[in-house]
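> I'd like to ask some things about the structure below.
The values are calculated or read from the model by the stated rules, or taken from the named source; none is laboratory data. As the structure is a computational prediction, the values presented were derived from the model and not from experiment. Here the Cβ positions follow ideal geometry from the backbone for every residue, glycine too, while neighbour counts run over all protein chains shown. Heavy atoms of the whole protein, side chains included, go into the accessibility calculation; ligands, DNA and RNA do not. Shrake-Rupley method; radii C 1.70, N 1.55, O 1.52, S 1.80 Å.
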Amino acid sequence: MNVIVVNLIIVFSLNLTFAQTGGITDTSKSPYAKLQSVNLNAVKWTEGFWKDQLKIENEHTLPYMWDLYHKEETHAYNNFEIAAGLYKGKHDGPSFHDGDFYKILEGMAASYAVTGDQELNKQMDEAIALIADAQREDGYLHTPVLIEERWGTLGPEALQKQLGFEKYNMGHLMTAACIHYRSTGKSNFLNIAKGVADYLYDFYKKASPELARNAICPSHYMGVIEMYRTTRDIRYLELTKNLINIRGTTADGTDDNQDRIPFRDQTTAMGHAVRANYLYAGVADLYAETGEAVLLERLNSIWEDVTKRKMYVTGACGALYDGVSPDGTSYNPTDVQKIHQAYGRPYQLPNATAHTETCANIGNLLWNWRMLQLTGDAKYTDVMELSLYNSILSGISLTGKEFNYNNPLAIYQDLPFDQRWGNVRQGYIALSNCCAPNVTRTLAEVANYAYNLTKNGLFINFYGSNNLKTNTLNEDLIELEQLSNYPWDGKITIKIKKAPKGIYHINLRIPGWCTDASLLVNGKTIENLDPGTYKNVAKKWKQGDVIELELPMSVNFIEANPLVEETKNQVAVKRGPLVYCLESEDIIDEIDLKKVSINIDSPFKIENQDISKRKIITLKGSGFYNNSNWEENLYQPLSTNEQKVSITLIPYFTWGNRNNGDMSVWLAY
Ligand SMILES: [Zn+2]
């Protein structure tokens, strides 16, 4: 009992002594951004979907990831210890492990901002002290190289930086350090990040374009800009400009790395989808500071290309495991440029072989978040929501300790070939565990995506039961309580607990999927709610005012553009923001899921169900089963031998949490 009281006092006094500043991005001084983050501790989930998810995050995912990255098996923490000189050893594990460990620290910092959990604080300090010991005098920090320099145990091949994830690691360090600083008020991590940013500033001043292009999965654009925003050191803005200017200026650039041509000449999405989306997010950050028109024009053009031609119905990005660049041959017809884990041609969206890496889908969220900050346009929030609830959440199991690298839209156990990565979530994906810490930090930060501040009001981006308590941008206060069982139900009630003085604009997101929204403010109907916009309600608010928003969630059948060959004559089922799928578990035994079609004329009934102790809503309806015998035929005469079957659809993000059977989002009708 006494211990609890003491802890409460510590947490309380900590919150009193440090006023947090900034959220996941800090656009408070960005001249070309319309929106700003609320502080990391401004939003607290109180019940429902995200409260449940955050409980899993705090009780399972974060402790699991912390332990995992301390194990010999991953060797991530060991790499820092060896680099710091604690003992002699070799670097082991992928060269992006440093960055993945920083992502876990970022998640811990975001979680600490809300919970004030002193154990997290202690763990972070311990790790930060080690990272500081590993850092080179000139600020450089990348354990494969530092270990080689200190111990000479790897050989020179380990120093080939082009594919070495050096800048990726440094980028995640800078982002994590900014979040840590905003969460804790401590500068121990930020000081390390300043060393890294200073090192990069000097490096890019002197480096040849060939050396400077060595930057894959460029998380450092976002990282360096956030360092500029945190420290206001003008050199970091200059550095970000240099980073974009220098891309695509060498003869050996590739579409896979988005550097065959300069960014300012690019109009479509190409190449590796994680690298692409991280680049676009970083460029959006740069635009927020400089307002260079061509950057926004290019981002708009690429965004249209992605959302109208290359994105999955789940918000996932990167259709191809491997392929050739659609455009890379134009500069030299004798060469074909290989691409991997990449955007394909327009409308090239295979389902079972979709690469759709969780990190690419998170990149889609990061990019669209930044586009939203620039414009306040709800079309970006629609993409954020789509990715988050579907192709990002599918990256983690319902119990929070297994992870997906790929998020395909169909799984067939009898495909006659092995894909490079399996479609079963794993605790540790030895060669590609980047996604696990990425989804870990992202889910710790969802609350911060839920609201934005503007000069004269508030944007409500995501719905769910939570309390918001924040300063307005006019040094006033607003406090509100949101009650909702979203995404299972579209009824949202918002109660004003503390109102700012004067007219205040509350902008409520009307999702693009909702065509029949209704809105009451203190019982009075507000008209003209257009899907895919923010509804501005400007008034002098007072304590006790009530906003009631209803976003009816009917069951919708979605079809793809006829140019998407893989989904011809098929539908996907959506309800609210959630995409649904059929798993073999939910049809009668022994029936081959590939031969099941959906009856779109049958009503779909909503049912409550538990999977892995999580409450979900399933859709129960009917379909048809075509029992034709294919043996090994490739073609055969059309069979019309169909029988009726009942089918139950589950939310896409919950697939693979029971048995590992077949699954499909798209169903013939
Ligand atoms: Zn990944």
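> Run through all the Cα pairs of segment 487-556 and give the fraction in each 10 Å bin from 0, expressed as whole percent.
Answer for segment 487-556: a P(r) of 20, 52, 25, 4, 0 percent.
> At 1.4 Å probe size, with the rest of the protein present, what percent of the exposed accessible area of the chain is carbon and sulfur atoms? Provide the component values of the computation, followed by the final result.
Details: 13120 of 26020 Å².
Accessible surface attributable to carbon and sulfur in the chain totals 50 percent.
> Specify the inter-centroid distance of segment 172-230 and segment 69-128, based on alpha-carbon positions, in whole Å.
17 Å
> Between Asn188 and Thr46, what FRET efficiency follows from the Cβ-Cβ distance if R0 is 45 Å, with the result rounded to 0.05?
Working: r = 32 Å, r/R0 = 0.72.
The pair Asn188/Thr46 has a calculated efficiency of 0.90.
> Using the per-residue mean of other Cβ atoms lying within 10 Å as a proxy for protection, in what order, highest first, do the peptides 554-561, 55-62, 38-45, 357-364 fall? Can you show the working numbers first?
Working: 554-561: 14.6, 55-62: 19.6, 38-45: 22.2, 357-364: 29.1.
Most protected by this proxy first, the peptides run 357-364, 38-45, 55-62, 554-561.
> Can you work out the PRE-style zone for Val336? Point 7 Å along Cα to Cβ, and I want the residues of segment 409-423 with backbone N under 18 Å.
none
> To make sure I understand the rule: partners must be lysines, Cα under 22 Å from the Cα of Lys338, and not fewer than 8 residues away in the same chain. Which ones qualify?
Once the sequence-local lysines are set aside, what remains near Lys338 is Lys161, Lys310.
> List the trypsin sites (Lys or Arg not before Pro) within segment 198-274 that fall in a DSSP loop (any state other than H, G, I, E or B) and whose Cβ has at most 14 other Cβ atoms within 10 Å.
On the way: sites: Lys205, Lys206, Arg213, Arg229, Arg232, Arg235, Lys241, Arg247, Arg260, Arg264; in loops: Arg213, Arg232, Arg247, Arg260.
Qualifying residues, ordered by number: Arg232.
> Mind ranking 578-588, 267-277 by how tightly packed they are, going by the mean number of other C-beta atoms within 10 angstrom, highest first? Kindly include the intermediate steps, with their values, before the conclusion.
On the way: 578-588: 22.2, 267-277: 25.5.
Averaged packing, sorted descending, gives the order 267-277, 578-588.
> Radius of gyration and Dmax for the chain's Cα atoms, expressed in Å?
24.8, 78
> Counting C-alpha atoms alone, how compact is segment 321-426: give Rg to one decimal and Dmax as a whole number, in angstrom.
Answer for segment 321-426, Rg first and Dmax second: 16.4, 50 Å.
> Let me ask something additional. Report the Stokes-Einstein translational diffusion coefficient (µm² s⁻¹, integer) for segment 395-549, Rh taken as the Kirkwood radius over Cα pairs, at 10 °C with viscosity 1.306 mPa s. Each step should come with its number before you reach the end.
Working: Rh = 18.4 Å.
Translational D for this selection: 87 µm²/s.
> Right, something else. Using only the Cα atoms of segment 109-208, build the gyration tensor, take square roots of its eigenvalues as a ≥ b ≥ c, and label the shape rounded, prolate or oblate: rounded if a/c is under 1.5, else prolate if a/b is larger than b/c, else oblate. Can you show the working numbers first?
Working: a/c = 2.47, a/b = 1.79, b/c = 1.38.
It comes out prolate by the Cα gyration axes.
> Add -39500 (n - 2.57) for each DSSP H run of 4 or more in the chain, then divide by its residues: what number comes out at 222 nm, to the nearest 500 deg cm²/dmol?
Values: 18 runs with 223 residues, N = 669.
So the calculated ellipticity at 222 nm is -10500 deg cm²/dmol.
> For segment 225-287, what are the per-bin percents of Cα-Cα distances with bins 10 Å wide, up to the bin holding the maximum?
21, 50, 24, 4
> In segment 492-578, what trypsin sites (Lys or Arg not before Pro) fall in a loop by DSSP, with at most 11 other Cβ atoms inside 10 Å? Walk me through the intermediate numbers first.
Values: sites: Lys495, Lys497, Lys498, Lys501, Arg509, Lys524, Lys535, Lys539, Lys540, Lys542, Lys568, Lys574, Arg575; in loops: Lys501, Lys542, Lys568.
Here the sparse-neighbourhood loop sites are Lys501, Lys542.
> Sticking with this structure for a sec: HN-Hα J couplings of segment 596-602 from phi, Karplus 6.51/-1.76/1.60, θ = phi - 60°, integer Hz, Gly and Pro as x?
9, 10, 9, 8, 7, 8, 8
> Still on this structure, I have one more. Quick one: Kirkwood hydrodynamic radius for segment 373-475, alpha-carbon pairs, angstrom, one decimal?
Working: mean 1/r = 0.0612 Å⁻¹.
With all distinct Cα pairs of segment 373-475 included, I get 16.3 Å.
> Follow-up question, since we're still on this one. Going out from 0 in 5 Å bins, what whole percent of all Cα-Cα distances in segment 171-284 drops into each bin?
Percent of pairs per bin, in order: 2, 12, 23, 23, 18, 12, 6, 3, 1.
> Here's something else I'd like to know. So, R0 is 41 Å and r is the distance between the beta-carbons of Phe624 and Asn467; what FRET efficiency does that work out to, to 0.05? Intermediate results must be reported in sequence, preceding the final value.
Numbers: r = 48 Å, r/R0 = 1.17.
Computed FRET efficiency for Phe624 and Asn467: 0.30.
> I need the calculated FRET efficiency for the pair Thr515 and Gln636, taking r as the beta carbon distance and R₀ as 51 Å, to the nearest 0.05.
On the way: r = 42 Å, r/R0 = 0.83.
So the FRET efficiency works out to roughly 0.75.
> Sort 282-288, 468-474 by the packing proxy (mean of other Cβ within 10 Å over each peptide's residues), most packed first. Spell out each step's value before the answer.
Details: 282-288: 26.6, 468-474: 17.1.
Result, highest mean Cβ count within 10 Å first: 282-288, 468-474.
> Hey, can you find the accessible area per residue of the chain for me, probe 1.4 Å, expressed in square angstrom? Present the calculation step by step, with values, prior to reporting the outcome.
Details: 26020 Å² over 669 residues.
For the chain, the per-residue accessible area is 39 Å².
> Filter the cross-link list Lys501/Lys535; Lys51/Lys495; Lys29/Lys122; Lys379/Lys501; Lys103/Lys535 down to pairs whose alpha-carbon distance in this structure exceeds 23 Å.
Details: Lys501/Lys535 21 Å; Lys51/Lys495 19 Å; Lys29/Lys122 32 Å; Lys379/Lys501 30 Å; Lys103/Lys535 35 Å.
Where the Cα-Cα span goes over 23 Å, the pairs concerned are Lys29/Lys122; Lys379/Lys501; Lys103/Lys535.
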